[in-house]
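Take a look at the structure set out below.
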Amino acid sequence: MQDETGDPLAAVLSRLGLVADSDLATAIAGASGLTIAEPSEFPAAPVCADRLSPRFLRDARALPLADSADGVEVAFVNPLDPFALSALACALGAPVRARVGRANELEAALDRLYEVADAPDTGDGEAEEADLDRLRDMASDAPVVRAVNTLIARAAEMRASDIHIEPTEDALKVRFRVDGALVEQDALPAHYRSALVSRIKVMAGLNIAERRLPQDGRIRQSVRGQDIDLRIATAPTIHGESVVMRLLDRSNLSLDFGSLGFDGAVLERFTRTLALPHGIVLVTGPTGSGKTTTLYAALASLNAPDRKILTIEDPIEYRLAGINQTQVAPQIGLTFAAALRSFLRQDPDIMMVGEIRDLETAQVAVQASLTGHAILSTLHTNSAAAAVTRLMDMGVEPYLIASTLNGVLAQRLVRRLCPHCRVPTLVNDATLRALGLDSRPASGLLYEAVGCDQCGHSGFRGRAAILEFLEIDDEIRRLIVERAEAGDIQRAALAGSMRSMMSDGVHKAGEGVTTLDEILRVTREA
């Protein structure tokens, strides 16, 4: 590699990850008799900025530390290079006193002191182009490539749903979201900030030069023989760009209602409502509550050769065989409403809309259901009954809601207890009353998390849904036409056949699916 690039051997060894920067600096200091410059000695502002360009300092891998009467003190990654020393002395017009700098610390200091925006304007974009070349080089360095691949592989092994990469002043913080909870990982050195983000952007086909605006992309990666799709979202922060990578493991996607947490009467009523030939079925809940997975499970149960199913999504999370899926593109006018309107000319039986966000989409969905189509969609509401009032707030007439809405499923995700280490405890009725719970487990038992090797000592493994399903019967339709409040609709539904989300959670806690604390955590958010 040295023959191909012409770079010094020390730089090649460091770039390939064969020698640590700190070990290299120690060896150079021992051979040269020079001292190592510590980060605490680095300047707070550029030294000799009027006589030295950032591009030259990056090429020379040199950082001026202090300017005094007897010369300028400069830290070099390689102070044994006579050209860099003589060139600096010539440019400064003063003697240069050399120190040794660790490559990662010196480059981080150069990034801090000489931002791209502060580079002198050459009129032909040379500084910007040089910085882009540097980012591309860093993104292709073996240690950076290895670091990104290791992060993705480790997250997949831990069954993480997201990787959060967050720059701080002195490090690159990494956290995995496992079963809905963020778990901190070992931080990466600060000098990885630009290189790691650039590598991820290159993989996702994003613009590495744009660091002021958020960007979104997608990566397909094979991890131990399994194909994993990653959704990438970047955002600018004061210390650099933050990245969130969402892992979509198609091999572990379960579209079986039972494994998602559906059971008993809720499953029976929900599947019966899905089977109706026309009308709207909504799934509600906050972001990250599993609404899309539930819709995919519903589509999988309805998918058959004699049915044409179309979806419009933002974004398409999983690709389903036998279903025509479309990605929204607002920049060219392909919105939820526009796509849904065009779908009607495709002779569909069932249509899925990723989310009803506005009156136009809601009106097109209502009209489609009135003309004999089944519509599945989501809303961001805290309860099933609140979905009705949300549609009214959007401007949909109550009589249209009453005549087209078939059912509303509200759900939350709770962490599933590890079956290998959970332990049963007796129910304390006084505790249940103090917590305001409206039911107690039929088994008379609850379970607690312990932790073992199977669950990474967290006590939990996987997630399950707790649910409430509002089936629109004649009484509920009457209340909708009368513009009843969500609370009135909720009370009428509970007086009928609906089981509240809290009751469903307590039932699952009694079966050892989850804990009472998990139920309270997600239901009190509502």
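A few points about this structure:
- Under 5 Å between amide hydrogens, built in the peptide plane, is the criterion, and for LEU172 it picks out LEU188, ALA190 among residues at least 5 positions away or on other chains.
- Residue-level accessible surface for VAL12, protein heavy atoms, 1.4 Å, Å²: 10
- For the set PHE56, PHE83, the ranking by accessible area, highest first and with no ligand, DNA or RNA atoms included, is PHE83, PHE56 under a 1.4 Å probe.
- Put a plus charge on the Cβ of each Lys and Arg, a minus charge on the Cβ of each Asp and Glu, and nothing anywhere else: the dipole of region 232-320 about its Cα centre is then about 220 debye.
- Per-residue ellipticity at 222 nm from helix content only, as computed over the chain with -39500 (n - 2.57) for each DSSP H run of at least four residues, stands at -11500 deg cm²/dmol.
- Solvent-accessible surface ranking, highest first, for THR168, THR371 at 1.4 angstrom: THR371, THR168
- On the chain, 50 percent of the accessible area sits on carbon and sulfur atoms, based on a 1.4 Å probe.
- Residues of type lysines that LYS308 reaches as a straight line, Cα spacing below 23 Å, ignoring anything fewer than 8 places off in the same chain: LYS291
- The charge dipole of the chain, taken about the Cα centre with unit charges on the Cβ atoms of Lys, Arg (+1) and Asp, Glu (-1), comes to about 1680 debye, rounded to the nearest 20.
- Farthest positive-ward along the chain dipole, Cα basis, beta-carbon charges - from ALA300, ALA181, THR326: ALA300
- Note that region 51-62 has calculated 3J(HN,Hα) couplings of 10, 10, 8, x, 5, 5, 5, 5, 5, 7, 6, 10 Hz, one per residue in order, obtained from phi through the Karplus relation 6.51 cos²θ - 1.76 cosθ + 1.60 (θ = phi - 60°); glycine and proline are x.
- For MET352, residues with placed amide H under 5 Å, excluding near neighbours: LEU310, THR311, ILE312, LEU376
- Count Lys and Arg as plus one, Asp and Glu as minus one, and take only other residues whose Cβ is under 15 Å from that of ASP306; the net charge is then 0.
- Candidate residues SER383, SER40: accessible-area rank, largest first, probe 1.4 Å: SER40, SER383
- Cα gyration tensor category, rounded, prolate or oblate, for region 446-507 with a/c compared to 1.5: prolate
- C-alpha long axis of helix 21-32 to longest principal axis of the chain, angle in °: 10
- Nearest-10 value in Å² for the accessible area of HIS507, using the 1.4 Å probe: 60
- Reachable lysines, given that their alpha-carbon falls under 27 Å from the alpha-carbon of LYS201 and they are not under 8 places away in the same chain: LYS173
- Accessible area per residue for region 449-493 is 50 Å², calculated with a 1.4 Å probe on protein heavy atoms, without ligands, DNA or RNA.
- Furthest towards positive pole of dipole, GLY354, TYR399, VAL414, structure part region 349-417, Cβ charges: VAL414
- Entry comment: accessible area of region 1-104 is 51 Å² per residue, from protein heavy atoms only and a probe of 1.4 Å.
- Percent of C-alpha pairs per 20 Å bin, the chain, short to long: 19, 40, 26, 14, 1
The values are calculated or read from the model by the stated rules, or taken from the named source; none is laboratory data. Source: prediction; values computed, not measured. Glycine gets a Cβ as well: all are built from the backbone with ideal geometry, and neighbour counts include every protein chain shown. Keep in mind that these areas ignore ligands, DNA and RNA; they rest on the heavy atoms of the full protein, side chains included. Shrake-Rupley method; radii C 1.70, N 1.55, O 1.52, S 1.80 Å.
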